[in-house]
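Please read the structure below before turning to the comments.
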Amino acid sequence: MTRDVAQYASIPGQPAPRWTELARLKNVTRLYDAVIEEIDGRRIRIGEHWLADFASCNYLGFDLDPEIMAAPEELIRRWGTHPSWSRLLGNPRLYPDIEDQLTSLLGAPDTLVLPTITHIHLSVIPVLADHGTVFCEAQAHRTIFDGCSVAKGQGATLHRWHMNDLDHLREMLRGCPADRPRLVCMDGINSMTGNPPHLREIAELCRAEGALLYVDDAHGFGVIGERRPDETSLYGARGNSVVRYLGESYDGLILVGGFSKAYSSLLAFIALPTDLKELLKFAAAPYLYSGPSPTASLATVLAGFAVNETRGDAIRADLHRKTMRVLDQVRELKLDCPNTSDFPVIEVPLKDASDIDDVAALLWKRGIYVTLAAYPLVPRDQAGFRVQVTAANTDAEIDELNALLVELAPLLRTT
């Protein structure tokens, strides 16, 4: 016999679970746990209902790019569907080829690729923290905090810090033993606001105090990159991450990123010094034990590199144009959107969190699919929805989204 999640709240001696609200929303809306039957470009079909998809993180549209979609067949014939060794036992040539190209793109000392960012956080953060101190930024992604919690369980001390209070971070760093590791963990591009961090100030602080900085740029890699005079948009060039976008170096900095968003492939990476890469080959569980990414994903990463080199900046320019169409509407309506970066992650908070059912119903009725952001996924006062614009969204779909924002405006928080 199974129970609905909400039923556990009534079991004697059991606390009401934090997830009851999500379980309720799953039952009353169609925007959670949906079974998508079919896609047509950036339109998706759930049951018999078609919606314009603004929940995808395939920012560059590589998931639908014909050149990239055609790439896996040849390599699957050569390597089979899945090179099923752990990386410690055997690496198809695809892996070092990806790492060599990625290292060059990032301008990093070296790189190591593993299946997912979550794998990396849960295994690498504990290795880097060891029995020292790990500092997790208060708004960092849940998976970063989970990795820090594992580090705590293995003997590290865990502290939280706030992006806008670097004096407190400095004070905490100076209060910890300098003869043990000190690891500062944070997001690159924030997954809800779409904004970059104060990377230069934080990196300088960590270097001055002898701490290692660990940055997860899941939403920035592929979209933003190095600034230069011939860039096609304010996203910069080449999509080589927040580190290059903000003109920082890898001195005392570990960058984590993934291909599952902009490159639409199941793979993730760490940019790091070569000596640390060699350590992680023996100390990080995914390298030793995990099944690797399937051949198709390795093939689409390599094809994505080629497309990025020839067409990437033009794609990013179009993505910027489309994102600005949405942000211009948001700003014209004076909605309280935290996005100040013009990056394609647009959070729209509700005036009253209790209206989330009505908002979800109207989104569904008007055929707009977004990321519904409810507690406990976000704090209660930040409930709303997140729009992710991709290069594969059409202007007609953006027209539909903008029209719906006008219709929803009375329920949305304004400045």
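One table, with the values for the structure above:
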item: Test: Ala203 is at pLDDT 95 or above, of a type in the set (Gly, Ala, Ser) and open to solvent by 30 Å² or more (accessible area, probe 1.4 Å); result: no
item: Any hit, the range 231-251, residues being in contact (Cβ under 8 Å) with a residue 60 or more places away in the chain, among the β-branched types (Val, Ile, Thr) and surrounded by fewer than 21 Cβ atoms within 10 Å (Cβ to Cβ); result: yes
item: Filtered residue count, the range 331-386, keeping only those that are among the hydroxyl-bearing types (Ser, Thr, Tyr), part of a helix (DSSP H, G or I) and either open to solvent by less than 10 Å² (accessible area, probe 1.4 Å) or touching a strand residue (DSSP E or B) at 6+ places or on another chain (Cβ under 9 Å) (or both); result: 0
item: Cβ pairs under 7 Å, 6+ apart, first in the range 290-319 and free of Cβ contacts under 8 Å to residues at least 24 places away in the same chain, second of a type in the set (Asp, Glu); result: none
item: Residues (out of contact with any helix residue (DSSP H, G or I) (no Cβ under 7 Å at 6 or more places or on another chain) and open to solvent by 30 Å² or more (accessible area, probe 1.4 Å)) located in the range 25-46; result: Lys26, Asn27, Ala34, Val35, Ile36, Glu37, Glu38, Ile39, Asp40, Arg43, Arg45
item: Candidates Arg321, Arg316 - the one that is modelled with pLDDT of 95 or more and open to solvent by less than 10 Å² (accessible area, probe 1.4 Å); result: Arg316
item: Neighbours by Cβ (under 7 Å, 6+ apart or cross-chain): first from the range 47-70, farther than 16 Å from Leu363 by Cα; second surrounded by fewer than 16 Cβ atoms within 10 Å (Cβ to Cβ); result: Leu64/Gly41
item: Of all residues making up the range 144-164, the number that are among the charged types (D, E, K, R) and without any contact (Cβ under 8 Å) to a residue 24 or more places away in the chain; result: 1
item: His219, sole failed condition from (1) surrounded by fewer than 20 Cβ atoms within 10 Å (Cβ to Cβ); (2) closer than 18 Å to Asp318 by Cα; result: (1)
item: Qualifying residue in the range 365-373 (condition: polar (S, T, N, Q) and closer than 21 Å to Asp33 by Cα); result: yes
item: Val127 vs. criteria among the β-branched types (Val, Ile, Thr) and in contact with a Cys (Cβ under 6 Å, 6 or more places away or on another chain); result: no
item: Enumeration of residues in the range 187-210 that are farther than 22 Å from Phe269 by Cβ, among the small types (Gly, Ala, Ser) and either in contact (Cβ under 8 Å) with a residue 60 or more places away in the chain or not in a helix (DSSP H, G or I) (or both); result: Gly210
item: Given (1) among the acidic types (Asp, Glu); (2) part of a helix (DSSP H, G or I); (3) open to solvent by 90 Å² or more (accessible area, probe 1.4 Å), number of the condition Asp63 does not satisfy; result: (3)
item: Top-ranked residue in the range 91-149 [being under 21 Å from Tyr250 (Cβ atoms) and among the small types (Gly, Ala, Ser); ranked as most open to solvent (accessible area, probe 1.4 Å)]; result: Ser104
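Listed here are the residues, each with its yes/no results for (1) assigned to a loop (DSSP other than H, G, I, E, B); (2) over 21 Å from the mean Cα position of the chain (by Cα); (3) not hydroxyl-bearing (Ser, Thr, Tyr).
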{"residue": "Ala34", "(1), (2), (3)": "yes, no, yes"}
{"residue": "Trp50", "(1), (2), (3)": "no, yes, yes"}
{"residue": "Ser56", "(1), (2), (3)": "yes, no, no"}
{"residue": "Tyr59", "(1), (2), (3)": "yes, no, no"}
{"residue": "Leu75", "(1), (2), (3)": "no, yes, yes"}
{"residue": "Arg78", "(1), (2), (3)": "no, yes, yes"}
{"residue": "Ser84", "(1), (2), (3)": "yes, yes, no"}
{"residue": "Asn91", "(1), (2), (3)": "yes, yes, yes"}
{"residue": "Asp97", "(1), (2), (3)": "no, yes, yes"}
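The values are calculated or read from the model by the stated rules, or taken from the named source; none is laboratory data. From a predicted model like this one, the values you see are computed outputs, not experimental measurements. Quick reminder, even Gly has a Cβ in these numbers, built from the backbone with ideal geometry, and neighbours come from all protein chains shown. Quick note on the areas: whole protein, heavy atoms, side chains included, nothing else; ligands and nucleic acids left out. Shrake-Rupley method; radii C 1.70, N 1.55, O 1.52, S 1.80 Å.
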